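The values are calculated or read from the model by the stated rules, or taken from the named source; none is laboratory data. Being a predicted model, the structure only gives us computed values, none of them experimental. Here Cβ is always computed from backbone atoms with ideal geometry, including for glycine, and neighbour counts include all displayed protein chains. The accessibility values were calculated without ligands, DNA or RNA, using every heavy atom of the protein model including side chains. Shrake-Rupley method; radii C 1.70, N 1.55, O 1.52, S 1.80 Å.
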Amino acid sequence: TAPSGSALGAGGSQGGIAGHPSGRGTSAAAAPSSEGSTVKASALSRAPTQPAGLGARIEAHYPPAARLQGVSGVGRARLLVSPQGAVVRGEPLSETPSGSGFADACVAALSGSGGWGLPLDARGRPVSTWIRFSCEFTVRH
């Protein structure tokens, strides 16, 4: 059995993350930041989109204890996407199963990742925005 990681779900609403291979994100409320103007995802004219290749990043951060035990699960994180389309901050939110390390692994995998596309405000200016994202860690047989 080879554990692997991938993005989870399928986005659908503005501020969500388009699915590839399957990605799920939902907008989160904005918070003040030193990353420039932070705008709620619902107020963007263009939301960040999930970059290709996240599955490999997530797989590389599979929690070692979960990997050894053959445990699959999901980590959920809140991510700050910069005006340049890079994740500059992440906060673990929840994980299933509890105590598995999947939420921290999701943050570690996505922190510093780029290629999310430029989040644009209503005037078309690049801004920072918070999104929620789920990472699926799957044991493959």
Top-ranked residue in the range 89-130 [being in contact (Cβ under 8 Å) with a residue 60 or more places away in the chain and aromatic (F, W, Y); ranked as surrounded by the most Cβ atoms within 10 Å (Cβ to Cβ)]:
W116
In the range 47-62, is there at least one residue being under 14 Å from F137 (Cβ atoms) and in contact with a His (Cβ under 7 Å, 6 or more places away or on another chain)?
no
Do you know which residues across the range 131-141 are open to solvent by 50 Å² or more (accessible area, probe 1.4 Å) and not basic (K, R)?
E136, H141
From A66, A86, residue being out of contact with any His (no Cβ under 8 Å at 6 or more places or on another chain), open to solvent by less than 20 Å² (accessible area, probe 1.4 Å), of a type in the set (A, V, I, L, M, F, W, C) and touching a residue at least 24 places away in the same chain (Cβ under 8 Å)
A66
Please determine whether any residue of the range 41-58 is touching a helix residue (DSSP H, G or I) at 6+ places or on another chain (Cβ under 6 Å) and surrounded by fewer than 21 Cβ atoms within 10 Å (Cβ to Cβ).
yes
Does S22 meet the test of being part of a loop (DSSP other than H, G, I, E, B), in contact with a Gly (Cβ under 8 Å, 6 or more places away or on another chain), under 22 Å from F137 (Cα atoms) and at pLDDT 95 or above?
no
